[in-house]
There are 2 protein chains.
Amino acid sequence: MLRQADVDDARIRAAAMLERAGIVLTPDERVQIEVADFGLGDLDRTGLQLITYVNTDRYCAKELVLFARQTCPEHRHPPVGGEPGKMETFRCRWGRVHLFVEGPATGQSTASPPAGSEAYYTVFHELVLVAGDQYTIPPDTRHWFQAGDDGAVVAEFSSMSRDELDVFTDPRIVRVPIVG
Amino acid sequence: MLRQADVDDARIRAAAMLERAGIVLTPDERVQIEVADFGLGDLDRTGLQLITYVNTDRYCAKELVLFARQTCPEHRHPPVGGEPGKMETFRCRWGRVHLFVEGPATGQSTASPPAGSEAYYTVFHELVLVAGDQYTIPPDTRHWFQAGDDGAVVAEFSSMSRDELDVFTDPRIVRVPIVG
């Protein structure tokens with residue numbers, strides 16, 4: 001369980017990274033940055049900060065912030081109501097992000113699953129994205145991502161987002177957005 | 001008809017504005033910036049520069065660049081194939097944009113239709129967006145927009161984009177993307 005002080009601290013750090021990346025938030029948005037620890041209580045290693053600009057039944061846009069070496073754990077977006085699962089395009093705005101998707105393992109990487117959670121990371125086809133690079137993840141495809149040593153700011157463009165339907169490989173995870 | 005030299009010049013200016021707004025493009029993207037004069041041959045007054053990051057049947061994301069006081073002329077996105085028209089969210093990243101949509105006229109503005117084209121501007125409900133502000137335009141709604149005195153950089157998140165189906169109020173307009 002995240003304490004309010006942890007949420008506040010993560011918001012301040014995320015807002016500073018967004019500002020450094022040249023991304024302007026309104027004051028209202030700054031205090032609404034979502035801080036997710038995925039129920040593991042280890043935010044700096046497994047966690048994600050994000051702001052959702054718009055989420056309709058037709059499209060969604062977010063900004064994701066990852067602290068240095070912070071990992072968003074492996075998950076997929078399953079089909080729902082006869083529609084294919086969420087499809088998403090990640091575009092790195094600042095820093096570096098190591099994105100792992102299904103496909104042939106790409107070998108040596110400076111990124112690796114959080115210690116103690118290795119069993120819940122099963123896909124190792126790596127894309128390294130720096131500012132200006134982007135990659136589109138097909139629906140229902142397992143993926144996870146980790147920031148480089150300076151953290152990362154990543155724009156996400158996608159079909160409608162339904163975080164509560166995400167399927168995580170790690171059964172301990174509960175995707176409860178913490179909006180303190 | 002835009003000359004190649006005009007296109008090249010507009011691309012260089014647009015790329016500089018994106019850079020100033022903190023938005024990183026790849027070298028490939030920089031030379032593919034779309035320059036649209038809408039067939040009116042008066043780019044600095046009626047025109048738009050843009051880069052499309054992704055456009056699928058599920059969602060689309062672009063970055064729009066407007067030079068100082070440049071206007072994107074009035075148009076709407078009609079229904080197509082049983083689906084409602086394109087829905088789009090504008091988020092100002094840098095500068096200021098005056099967005100006009102259907103609704104009660106809001107009165108006094110520092111923006112006005114390009115001289116000589118007044119007849120083709122019919123909606124005057126104004127939203128002024130500065131960095132961090134956003135507004136979602138419903139499907140099939142007439143709208144036009146003009147940058148403030150320093151120009152503007154605007155992110156556009158939307159459903160699938162089919163520019164060739166846009167309906168412009170000005171019958172002289174041909175929405176031919178010029179990718180020189």
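The values are calculated or read from the model by the stated rules, or taken from the named source; none is laboratory data. What you are looking at is a predicted structure, and each value in this text was computed from that prediction instead of being measured. A quick note on method: Cβ atoms are made from the backbone with ideal geometry, for glycine too, and the neighbour counts reach across all protein chains shown. What goes into the accessible areas is simple: the full protein's heavy atoms, side chains included, and nothing from ligands, DNA or RNA. Shrake-Rupley method; radii C 1.70, N 1.55, O 1.52, S 1.80 Å.
Sorted from nearest, the other copies put their B:P138 label points 3.8 nm away, the label point being 7 Å from Cα in the direction of Cβ. All other residues whose Cβ lies under 15 angstrom from that of A:P78 are scored, Lys and Arg at +1 and Asp and Glu at -1, for a net of -3.
Working from label points 7 Å from Cα in the Cα-to-Cβ sense, the A:R162 to B:A5 distance is 5.6 nm. All other residues whose Cβ lies under 9 angstrom from that of A:F168 are scored, Lys and Arg at +1 and Asp and Glu at -1, for a net of 0. Taken as Cα centroids, the stretch B:97-117 and the stretch B:3-23 sit 26 Å apart, rounded to the nearest whole angstrom. Here A:G82 yields copy-to-copy label distances, from shortest upward, of 1.0 nm, the label point defined as 7 Å from Cα along Cα to C-beta.
Taking label points 7 Å from Cα along the Cα-to-Cβ direction, A:V128 and B:Q32 give a separation of 2.3 nm. A convex hull fitted around the alpha carbon atoms of chain B yields 111 Å³ per residue. Each copy carries a label point for B:E19 at 7 Å from Cα along the beta-carbon vector; from one copy to the others these points are 2.5 nm apart, nearest first.
Work through the residues other than A:Y120 whose Cβ is under 12 Å from its Cβ and net out their charges, Lys, Arg +1 and Asp, Glu -1. Cβ neighbours under 12 Å give a net charge of -1. Applying 1/(1 + (r/R0)^6) with R0 = 25 Å to the Cβ-Cβ distance of A:S112 and B:A16 gives a FRET efficiency near 0.05. Accessible surface area normalised per residue over the protein assembly as shown is 42 Å², counting heavy atoms of protein chains with a 1.4 Å rolling probe. Buried area at the B:A interface is about 2300 square angstrom, summed over both chains, from accessible surfaces computed with a 1.4 angstrom probe. Look at the dipole of the stretch B:1-98 built from charges on Cβ: of B:A36, B:W94, B:F67, the Cα furthest out on the positive end belongs to B:W94. Averaging over all projection directions, the Cα-based convex hull of the stretch A:75-153 occupies 5.8 nm² in the image plane. Non-local amide H neighbours of A:L43 (under 5 Å, H modeled in plane, Pro and chain starts lacking H): which ones? So A:L43 has HN proximity to no qualifying residue. Accessible-area loss of 30 Å² or more (1.4 Å probe, protein heavy atoms, chain alone versus all protein chains) is found in the stretch A:31-65 for A:Y53, A:V54, A:R58, A:Y59. With viscosity 1.002 mPa s and temperature 20 °C, the Kirkwood radius over alpha carbon pairs of the stretch B:52-106 converts through Stokes-Einstein to a diffusion coefficient of 155 µm²/s.
With respect to the axis relating copies B and A by rotation, the chain B residue whose beta carbon is closest, plus that distance in Å, is B:G22, 1.
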